[in-house]
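A.B. asks: I'd like to ask some things about the structure below.
The values are calculated or read from the model by the stated rules, or taken from the named source; none is laboratory data. Just so you know, these numbers come straight off a predicted model, no measurement behind them. Using ideal geometry, Cβ is built from the backbone for each residue, glycine included, and neighbour counts are taken over all protein chains shown.
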Amino acid sequence: MTSEQIRKLFFEFFKERGHAIAPSSPLIPDDPSVLLTTAGMQQFKRYFTGELNPINDFGSQRTTSIQKCFRTSDIEEVGDETHLTFFEMMGNFSFGPVGTDDPKDRGVGGYFKRSAIYWGYEFITGVLGVDPKRITASIFKGDTEVPRDEISYRIWNEELGLPEGRIMESDRKDNFWGPTGNEGPCGPTSEIYVDGVEVWNLVFNEYYQHADKRLEKLESPGVDTGMGFERLVAVMQGARNVFETDLLRPVTDRVYELAPGLSERAARIFTDHVRAAVFLVADWVRPSNKGAGYILRRHIRRMLAYKIKEDVHVDLLPELVEMVGKKYGGIYPGVSRSEEIIAVLEDERSRFEKAVGQGILELESYKEKGKKIDGQIAFHLYETFGLPFELIKELVPKELAKDLSKEEFEGEFVKHQEVSRAGQERKFGGHGLILDTGELKAGNPEELQKVTRLHTATHLLHQALRDVLGMTVGQMGSDITVERTRFDFSFPRKLTPEEVRGVEEIVNKKIKEDLPVSYTEMLKGEAEKTGALHFFKLKYPEKVKVYFVGKSFDAAYSKEFCGGPHVTHTGEIGKFRVAKEEAVAAGVRRIRGVVE
Ligand code: GLY
C-alpha cells in the first residue's frame, strides 16, 4: 500500500463519518509559548475550550487533518532509526457537546471515547487490513487526580474483544497527553499498537491544564487523536524504519547516489534535515539566531557540517530540495518553490562557509595547542564565526571536549543577550530618527504622533482580527511608518469583504469608546498567563510591559506585550481604515491600515 493510498483512505474514512477536512496549519503556530507546531490539535485549541464554535467554521463538530509537525527535542538523535524532526500527523477531532457517541452515527455532532476507539480500530483493521491479532492497546491506569479510564478499558475488552493481556495500563508519562505550550486541553489517552509499535494516540481531552499545572474539567470533553504518518506507513509497508518507506526512501537513495560511501547516520541526517528545511523555508522561516530561524539554521548547518566531516565534495542540497518539492508539492504547494528555497539554503551555505573557514582555523589552532574547549570558548566561536554548538561538539576531539557543556554555553548566550539589549536602548537615545523601535520609525514630533496613533490602531486591529477570524490569527510581522501600519498574520485564506468590514467596524467602535490606554509591568511568565498577545518571533526580557486598552487590565479589550509608545485614549487615533488585504505567503495575510 502506498503512502498516498493511505493518505486518501484516511480522509475518506473520516469524511464518511461526518468530519470536515481541515487543511494543515502552518508550521509556525498561533501559540506564543511554542515555537513550532508540534501536534494536529494545536490549531483547534480554542474549539476544545468552547471559545470558538466549530459549526460556524467547519459545519461540523468533527474535523480531520494531516498536520505538518515539527519536534526538535530529539534533534541530536536524528540519524538513528526512529527520529525525525519534521513529520506529518494524521488526526481526527471532536469538539463541543458530545452527541450519541455511537460509531454508526454519521452526523456532525460531537463524539467521545466509544466512537474514537471503534473508528481507530476499524480504520486499522478494516480499512488498512491489519490482522486484529497484531493489535494491542493501552489505557490510563489512574492516579490521585485523574481516575482510571474504565470506559476505554471496557470498550476495548468487552465490546471489541481485546483480551485482558493485550490491554496495557500506564501512568501520566505514557497515557496522558498535553497540553502543548504553557496551557491548554489535555487528558487521558488510549493508544493503539501494531506488532508492539505504537501507531495511534487517542487523547480524550477532559481537562484544561492551566499554566500553574492545575487541572480543570472542560465543559465538554473532546477527542484529539494523533497518528504519525511516516510511522504508520512504515508499519504498512513492512519497512524496518521510517527511512525505508516510500516517503523517505527515494531521498535517502539519492543521497547515497550523490555521495557514495556516506555513513548511514549522515545519509539519514541529510534525508530528514533537507525535508525539514524545505518545509520551514516554505512556511517563511529564514535562518537566524532566534526561534524558528535558529532551528532552520541548525538543520542547514548540521548538514553542511556532515558534508565537511565526511568529506563530501558534491553539492547535494539543490537536487534534494527539488526532490522534496516534487514529492510533496501536490499536497503542500509552498514546498515547490524550489528556486527560492535553494537560494535561502545557498545563502546560508556561503555564510556558513565563510564562517567555518575562519572559525575552523581558530578551532584548529586551539586544538594544536591542546587547549581544552569549554562553554565560553564555544560561545566565542559561535558569536564570532557563527559555529553552532552542536557543530563545535562534532568537530572537537573528545579529549579536548571534556569541559564542553551545553549549560555553560547557554549561560554565555543569555549574558550576551542582556548586554546587547542594553546597547540597543542607548543607541536610539540620540540623533537621526527620534524613534526607531524596529517596528516604528519617526523622524520628528509630528511623525511620532502619527506612528503612535497607528501603533495603538495596530493593537486594536490584532485583537479585532482574532475576534472575527479566530485563533489561527497570530502576528507574523508588523511595520509602522508615517503613512500606514502593515500587519502580517497567519490565516489560511483571503478575507471576505464582510470580514474586512467587520474588523474595521470593531476597531472604529473601540476608537469611538475613547478607551484609556495604559500599561503595566510584570514578569514574563505572569504576563503570558494573562493571555496578552505577543509576537512569538521575539525574545522578551524577564520583565515585560503589557499595554492594555480598556478601563482596567482585567476588563481590557486588548492586551499585548509591547514597549510603546501609544496614545493615551483610543479617541486620538481618528478613523481607521483597511487600505489593502493581500497574501504575502501561503497561510500568511497582510493588512495595510491607515488612520484618517
Ligand atoms: N495530540 C496527540 C498526539 O500528539 O499524540
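A.B. asks: Could you please tell me which pairs satisfy a Cβ distance under 7 Å, a separation of 6+ or placement on different chains, a first residue in region 287-307 that is farther than 18 Å from residue 73 by Cβ, and a second residue that is at pLDDT below 90 and hydroxyl-bearing (Ser, Thr, Tyr)?
C.D. replies: 288/294
A.B. asks: Now a separate question. Of everything in region 204-235, what is over 20 Å from residue 51 (Cα atoms) and at pLDDT 95 or above? Give them in sequence order. Quick ask: steps written out before the conclusion?
C.D. replies: In the first step, residues of region 204-235 are kept if they are over 20 Å from residue 51 (Cα atoms); the result is 212-213, 225-235.
If the condition is that a residue be over 20 Å from residue 51 (Cα atoms) and at pLDDT 95 or above, then 225, 226, 227, 228, 229, 230, 231, 232, 233, 234, 235 are the ones that fit.
A.B. asks: For the condition within 15 Å of the ligand (Cβ to nearest atom), surrounded by fewer than 21 Cβ atoms within 10 Å (Cβ to Cβ) and either in contact (Cβ under 8 Å) with a residue 40 or more places away in the chain or on the phi > 0 side of the Ramachandran plot (or both), what is the one hit in 65, 33, 73, 24?
C.D. replies: 24
A.B. asks: Could you tell me which numbered condition residue 256 fails, if it satisfies all but one of (1) within 30 Å of residue 491 (Cα to Cα); (2) aromatic (Phe, Trp, Tyr); (3) surrounded by fewer than 20 Cβ atoms within 10 Å (Cβ to Cβ)?
C.D. replies: (1)
A.B. asks: For the condition crowded, with 22+ Cβ neighbours inside 10 Å, within 23 Å of the chain's Cα centre (by Cα) and modelled with pLDDT of 85 or more, what is the one hit in 465, 454?
C.D. replies: Values: 454 fails: within 23 Å of the chain's Cα centre (by Cα).
Being crowded, with 22+ Cβ neighbours inside 10 Å, within 23 Å of the chain's Cα centre (by Cα) and modelled with pLDDT of 85 or more holds for just one of 465, 454, which is 465.
A.B. asks: Turning to a different aspect of this structure: Consider residue 112 carefully, then state whether it is surrounded by 18 or more Cβ atoms within 10 Å (Cβ to Cβ), within 16 Å of the ligand (Cβ to nearest atom) and within 29 Å of residue 327 (Cα to Cα). Walk me through it before giving the result.
C.D. replies: Details: surrounded by 18 or more Cβ atoms within 10 Å (Cβ to Cβ): yes; within 16 Å of the ligand (Cβ to nearest atom): yes; within 29 Å of residue 327 (Cα to Cα): no.
No; evaluated as a whole, the condition is false for this residue.
A.B. asks: Would you be able to tell me the number of residues in region 369-413 that are outside any helix (DSSP H, G or I), within 29 Å of the chain's Cα centre (by Cα) and more than 20 Å from residue 300 (Cβ to Cβ)?
C.D. replies: Filtering region 369-413 for residues outside any helix (DSSP H, G or I) gives 369-374, 386-388, 396-397, 401-405.
Of the ones still in play, those that are also within 29 Å of the chain's Cα centre (by Cα) are 386-388, 405.
Next, from what is left, pick out any that are more than 20 Å from residue 300 (Cβ to Cβ): 405.
Residues that pass the stated criteria total 1.
A.B. asks: To continue, here is another question. Before we move on, is residue 123 touching a residue at least 24 places away in the same chain (Cβ under 8 Å), under 30 Å from the mean Cα position of the chain (by Cα), farther than 25 Å from residue 216 by Cβ and buried (at least 19 other Cβ atoms within 10 Å of the Cβ)?
C.D. replies: Numbers: touching a residue at least 24 places away in the same chain (Cβ under 8 Å): yes; under 30 Å from the mean Cα position of the chain (by Cα): yes; farther than 25 Å from residue 216 by Cβ: yes; buried (at least 19 other Cβ atoms within 10 Å of the Cβ): yes.
Considered against the rule, which asks whether it is touching a residue at least 24 places away in the same chain (Cβ under 8 Å), under 30 Å from the mean Cα position of the chain (by Cα), farther than 25 Å from residue 216 by Cβ and buried (at least 19 other Cβ atoms within 10 Å of the Cβ), residue 123 comes out as yes.
A.B. asks: Residue pairs, Cβ under 6 Å, 6 or more apart or interchain, first in region 478-493 and within 10 Å of residue 451 (Cα to Cα), second modelled with pLDDT of 90 or more and among the hydroxyl-bearing types (Ser, Thr, Tyr). List them.
C.D. replies: Final answer for the pair search is 485/458.
A.B. asks: So residue 7 ticks every box in (1) closer than 30 Å to residue 302 by Cβ; (2) within 16 Å of the ligand (Cβ to nearest atom); (3) basic (Lys, Arg) but one. Which box is left unticked?
C.D. replies: Unmet condition: (2).
A.B. asks: Any idea which of (1) within 12 Å of residue 345 (Cα to Cα); (2) surrounded by fewer than 16 Cβ atoms within 10 Å (Cβ to Cβ) is the one residue 304 doesn't satisfy?
C.D. replies: The one condition residue 304 does not meet is (2).
A.B. asks: Same structure again: Just checking, which of 28, 21, 55 is of a type in the set (Val, Ile, Thr) and under 16 Å from the mean Cα position of the chain (by Cα)? I'd like the intermediate steps shown before the answer.
C.D. replies: Values: 21 fails: under 16 Å from the mean Cα position of the chain (by Cα); 55 fails: under 16 Å from the mean Cα position of the chain (by Cα).
Exactly one residue qualifies, and that residue is 28.
A.B. asks: Right, next: Can you find, within region 471-501, the residue that is farthest from residue 577 (Cα to Cα) among those that are touching a Gly at 6+ places or on another chain (Cβ under 8 Å) and of a type in the set (S, T, N, Q)?
C.D. replies: Ranking the candidates gives 490 first.
A.B. asks: Further question: Evaluate the following for residue 240: is it out of contact with any Cys (no Cβ under 6 Å at 6 or more places or on another chain) and surrounded by 15 or more Cβ atoms within 10 Å (Cβ to Cβ)? Quick ask: steps written out before the conclusion?
C.D. replies: On the way: out of contact with any Cys (no Cβ under 6 Å at 6 or more places or on another chain): yes; surrounded by 15 or more Cβ atoms within 10 Å (Cβ to Cβ): no.
When the stated conditions are applied, residue 240 does not pass them.
A.B. asks: Tally the residues that are surrounded by fewer than 16 Cβ atoms within 10 Å (Cβ to Cβ) and at pLDDT 95 or above, restricting the search to region 259-272.
C.D. replies: Going residue by residue through region 259-272, those that are surrounded by fewer than 16 Cβ atoms within 10 Å (Cβ to Cβ) are 260-261, 263-265.
When the remaining residues are screened for being at pLDDT 95 or above, the result is none.
Qualifying residue count for the region: 0.
A.B. asks: Could you list all residues from region 66-86 that are basic (Lys, Arg) and modelled with pLDDT of 95 or more?
C.D. replies: Step one: list which residues in region 66-86 are basic (Lys, Arg), which gives 68, 71.
Result: 68, single match.
A.B. asks: Right, something else. What do you reckon, is residue 43 surrounded by 22 or more Cβ atoms within 10 Å (Cβ to Cβ), at pLDDT 95 or above and in contact with a Ser or Thr (Cβ under 7 Å, 6 or more places away or on another chain)? Working first, answer last.
C.D. replies: Details: surrounded by 22 or more Cβ atoms within 10 Å (Cβ to Cβ): yes; at pLDDT 95 or above: no; in contact with a Ser or Thr (Cβ under 7 Å, 6 or more places away or on another chain): yes.
For residue 43, the condition - surrounded by 22 or more Cβ atoms within 10 Å (Cβ to Cβ), at pLDDT 95 or above and in contact with a Ser or Thr (Cβ under 7 Å, 6 or more places away or on another chain) - is not met.
A.B. asks: Regarding region 42-49, can at least one residue be identified that is within 14 Å of the ligand (Cβ to nearest atom), free of Cβ contacts under 8 Å to residues at least 40 places away in the same chain, within 26 Å of residue 324 (Cα to Cα) and of a type outside the set (A, V, I, L, M)?
C.D. replies: No; the residues of region 42-49 include none that is within 14 Å of the ligand (Cβ to nearest atom), free of Cβ contacts under 8 Å to residues at least 40 places away in the same chain, within 26 Å of residue 324 (Cα to Cα) and of a type outside the set (A, V, I, L, M).
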